[in-house]
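Worksheet: one structure, shown below.
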Amino acid sequence: MSVTLALPSKGRLKEQALEVLAKAGLVVALPQDDRTYRARTSIDGADVDVAFLSASEIAGELGQGKIDLGVTGEDLVRETVPHWDTRLRIEARLGFGQADVVVAVPEAWLDVDTMADLDDVAADFRHRHGRRLRIATKYWRLTQQFFSQMHGIQVYRIVESLGATEGAPAAGSADIVVDITTTGSTLRANHLKILADGVILKSQACLVSSLKERPAADAALITAISRRLAAAIA
Amino acid sequence: MTSRNPAIATDILDLFAARGCTPAEVAVLQPADPFLDMAGEDLRRRIFLTESETGETLCLRPEFTIPVCLDHIASQAGTPRRYSYLGEVFRQRREGGNEFFQAGIEDLGDADTARADARSVADAHALLATALPGRTLSVVLGDQGVFEAVLAALGLPRGWRMRLARAFGSAELLEAALADLANPPRANALPAAVASLVAAGDAEALAADIAARMETAGLSAAAGRTPSEIARRLLEKAELRSVRLSREAFDALKAFLAIRVPLSQATATLDGFARSAGLALDGALAAFAARAAAITAEGLDAEAIHYDAAFGRPLDYYTGLVFEIGTADAQRPLAGGGRYDRLLTLLGAKKPIPGVGFSVWLDRVDALREVRP
C-alpha cells in the first residue's frame, strides 16, 4: 500500500508547496530530469509517492479518489468537484496562493454596488436588451451557487471563458465577470469594480485529502502528513 | 409508447384522451438555450448537456413545458389547445435515478383563465386520484397576481415591488428583501462630480458623464446597458433611499403573507384583509374569486384545498396561479403547476398566448403505489 501526494507541477505554487513540505520535514527528492513528473518523499520512515500535476487536475483526481493527498487551490476544489465536501477534506490551509473569486462589473455602472443591485439589473435585462445578462467566468459552479442559491438571482447566462476573463465586457462577449484576483489591479486596469458583497470565496492553497476507503496504515500516514504540515505553518 | 412506460401509463393516457388533450411529440434531444434562458443557470448543473458537431449546445429534455410551448409556436397551431405528455425526463439528481417519468397537460390560449386554471388543478387531481386510489390528496395553491396587487396597492415604488415579487415563494429571500426595505443598506460613495449631478436630478448630464466613462473603458454603449439606462436607475435609487416602508405597510404585508386558509374561506379572507388594510385589490381579487368558484364547480372539495398567500414556485415565468398536490405520506409534492402567461412571448410567440399547466412526478407516484395507504 502507498499514499500518493500530488503537487502543482510548475510556477510559484510548486516552489511554495515544496517549501512548506520541507519546513514540515518532508523533503521531496526532485528528479534530475525536468520532464519527469514523479518523485518520492518520506515521513517517519514511510515512503510517499509524489506526482506533479496541474492544480486543476489535482482537484479533479482527488475528487475521483485517484490520488490520496494534494496541494491545490480551494477555488479549484469547490469549482471542479461536485458536492466536494462529501468527497474531500481540507486538511490545512497553507498560507500561500491567496486569491479571491469576485463578482466585478464595469466601473461605469455607477448604480450597481451590491448583489441586490445586480439582481435588479438582471431582472430587467431581457426586457430591455432582448437577452439575459451575461457573466464571463471559468467558475460556472461557484457563480451559479453564489448567484442562484445565495442571492436568488436566476435570470442570467454564463459565458464560459478560458482566459482573459477581465477583457470580456470590453470585447462585448459578456456584461460582467466572475474572476480570480489577488490585488484587484488587473480588474481596475480593465475598468471593472468588485461589488461590496461580491467576494464569492477567499481562496488559498490547501492540503486536501480524498475521503475514500483505505488501509489503516495509509490513513495514519495521511493524518501524520496533515498534522505535520498544519504544525509547520502554524 | 415503449414497454418502459410505468404500469400506470395506460390509465393516464386514457384519462388524457377522455379529457380531450392532443398528445405532444417531444424529442429527447433539445436545444439547451431555452431551458437555461427560462429556468435560469441553476438548471445547468442538473441537466445533461452535450454538443452537436456544429457546436450547438443540446440537452436531454429536463422537462416538457418549454418544448411543448416551442413546438406549439413553431407549428403555428391554433388555440385554445391542450397538449398532454407522458415520458422520461433526464436530470442529475443526488437521490433517485437520473431518468424518470413525468406526465402532464399544458393548456395554451384559453382566454377564460379562471376556467383554465380550475381545469388544470382538476386534471392534476384526477390523474393522481387514478394513480393512487384511496389516498387523500391535499392541494396548496398560491397566486403571484394577488401578491403583486398587494404590493401595488401598498403604494410601493416600482423598484421595491419588483424585488419583492422576485422573492415571492422563497421565505428566506422575502425576509432578506423586507429587511433591506425596512433598513436600506448604505450606498457606496459616488465620485463628487457624479454625486452633485444626482443631487440635481440631471439625467442628461449624468448620462453624458457615464458615456464618457464607458468610452474610456472601451465599452460599447450599444452592446449592453446604455448610459441613459444607468443614469435613470441611479436617480431612481437616490429617490428610493429617501423612502421608508411605513410601519402600517410593513404590518399589512406581514399579515397578508401569513394568510393560510381553506379555499372555501379564501375569497372572504382576502376581502377582509383588503378592507382592514384599506387596500384596493379589485381586479386581482375578482380573478381570485372567479377561479375559486371555478375550482368548486369542477367538483373538487374546497375544504381539502388550501390557499397560502406566501406560496410560490421558484420559477421566473409563473404569473398567476401556482399549485402543488401531495399526500400526507409523501415528503415531496407529487404534482406541481401554474400559470405562465409571459412564457410563450419570451419563447418567441408573435402574440401573447396565455398558458397554464402541470406536471406529475410519476417516480414519486410509483414509490407510493408500492406501499399501502
| message | Can you pull out every residue in segment A:64-90 that is surrounded by fewer than 19 Cβ atoms within 10 Å (Cβ to Cβ) and not polar (S, T, N, Q)? | response | A:Gly65, A:Lys66, A:Pro82, A:His83, A:Asp85, A:Arg87, A:Arg89, A:Ile90
| message | I'm checking my understanding of the structure. Among residues of segment B:217-253 that are in a loop (DSSP other than H, G, I, E, B) and of a type in the set (A, V, I, L, M, F, W, C), which one is surrounded by the fewest Cβ atoms within 10 Å (Cβ to Cβ)? | response | B:Ala222
| What is the number of the single condition among (1) without any contact (Cβ under 8 Å) to a residue 12 or more places away in the chain; (2) out of contact with any strand residue (DSSP E or B) (no Cβ under 8 Å at 6 or more places or on another chain); (3) under 23 Å from B:Ala39 (Cβ atoms) that B:Glu99 does not meet? | (2)
| remark: Given the conditions (1) at negative phi; (2) buried (at least 22 other Cβ atoms within 10 Å of the Cβ), every one holds for A:Val159 apart from (2)
| If we keep just the residues of segment B:353-362 that are over 17 Å from B:Ala114 (Cα atoms) and over 15 Å from the mean Cα position of the chain (by Cα), which is nearest to the other protein chains (Cβ to nearest Cβ)? | B:Trp361
| So how many residues does segment A:81-126 have that are on the phi > 0 side of the Ramachandran plot and free of Cβ contacts under 8 Å to residues at least 40 places away in the same chain? | 1
| remark: In segment A:1-54, residues that are more than 21 Å from A:Arg93 (Cβ to Cβ), among the aliphatic types (A, V, I, L, M) and more than 23 Å from the chain's Cα centre (by Cα) total 6
| remark: Among residues of segment B:325-352 being within 20 Å of B:Pro133 (Cβ to Cβ) and not small (Gly, Ala, Ser), the residue farthest from the chain's Cα centre (by Cα) is B:Asp329
| query | In segment A:41-75, which residues are of a type outside the set (A, V, I, L, M) and part of a helix (DSSP H, G or I)? | reply | A:Ser56, A:Glu57, A:Gly60, A:Glu61, A:Gly63, A:Glu74, A:Asp75
| query | When you scan segment A:103-174 for helices (runs of 4 or more DSSP H) that lie fully inside it, which ones turn up with 3 or more residues that are more than 8 Å from chain B (Cβ to nearest Cβ)? | reply | A:115-129
| request: Would you check if there is a residue in segment A:201-214 being more than 22 Å from the chain's Cα centre (by Cα) and within 30 Å of A:Ile43 (Cα to Cα)? | output: yes
| message | Taking the criterion of being β-branched (Val, Ile, Thr), more than 16 Å from the chain's Cα centre (by Cα) and within 30 Å of B:Thr136 (Cβ to Cβ), would at least one residue in segment B:316-324 satisfy it? | response | no
| So which of B:Asp251, B:Asp202, B:Asp209 ends up being in contact with a Leu (Cβ under 7 Å, 6 or more places away or on another chain) and more than 8 Å from chain A (Cβ to nearest Cβ)? | B:Asp209
| Are there any pairs, at least 6 apart or on different chains, whose C-beta atoms fall under 9 Å, with the first in segment B:26-40 and in contact (Cβ under 8 Å) with a residue 24 or more places away in the chain and away from chain A (no Cβ under 14 Å) and the second surrounded by 19 or more Cβ atoms within 10 Å (Cβ to Cβ) and hydroxyl-bearing (Ser, Thr, Tyr), and if so, which? | B:Val26/B:Tyr85
| Out of B:Arg260, B:Arg275, sole residue that is more than 30 Å from A:Leu192 (Cα to Cα), away from chain A (no Cβ under 14 Å) and either touching a residue at least 12 places away in the same chain (Cβ under 8 Å) or among the β-branched types (Val, Ile, Thr) (or both) | B:Arg260
| said: Considering only residues that are more than 10 Å from chain A (Cβ to nearest Cβ), farther than 14 Å from B:Arg244 by Cα and assigned to a helix (DSSP H, G or I), which ones fall in segment B:155-187? | reply: B:Leu164, B:Ala171, B:Glu175
| query | What tally of residues in segment B:354-373 results from selecting those that are touching a residue at least 60 places away in the same chain (Cβ under 8 Å) and charged (D, E, K, R)? | reply | 3
| query | For segment B:188-199, how many residues meet the condition of being within 12 Å of chain A (Cβ to nearest Cβ), in a helix (DSSP H, G or I) and either exposed (fewer than 12 other Cβ atoms within 10 Å of the Cβ) or of a type in the set (D, E, K, R) (or both)? | reply | 1
| task | Please indicate, with yes or no, whether at least one residue in segment B:37-45 is assigned to a strand (DSSP E or B), out of contact with any helix residue (DSSP H, G or I) (no Cβ under 6 Å at 6 or more places or on another chain) and either small (Gly, Ala, Ser) or surrounded by fewer than 21 Cβ atoms within 10 Å (Cβ to Cβ) (or both). | result | no
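This table checks each residue for (1) within 30 Å of B:Glu215 (Cβ to Cβ); (2) at pLDDT below 90.
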{"position": "A:Leu5", "(1), (2)": "no, no"}
{"position": "A:Leu26", "(1), (2)": "no, yes"}
{"position": "A:Ala46", "(1), (2)": "no, yes"}
{"position": "A:Phe52", "(1), (2)": "no, no"}
{"position": "A:Gly70", "(1), (2)": "no, no"}
{"position": "A:Asp75", "(1), (2)": "no, no"}
{"position": "A:Glu79", "(1), (2)": "no, no"}
{"position": "A:Ala92", "(1), (2)": "no, no"}
{"position": "A:Asp100", "(1), (2)": "yes, no"}
| Unique residue being surrounded by 21 or more Cβ atoms within 10 Å (Cβ to Cβ) and over 20 Å from A:Leu76 (Cβ atoms) when the list is A:Ala174, A:Ala205, A:Ala189, A:Ala170 | A:Ala174
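The values are calculated or read from the model by the stated rules, or taken from the named source; none is laboratory data. Here the structure is a predicted model, which means the values were calculated and not measured. Please note: Cβ atoms are built from the backbone with ideal geometry, for glycine as well, and neighbour counts cover all protein chains shown.
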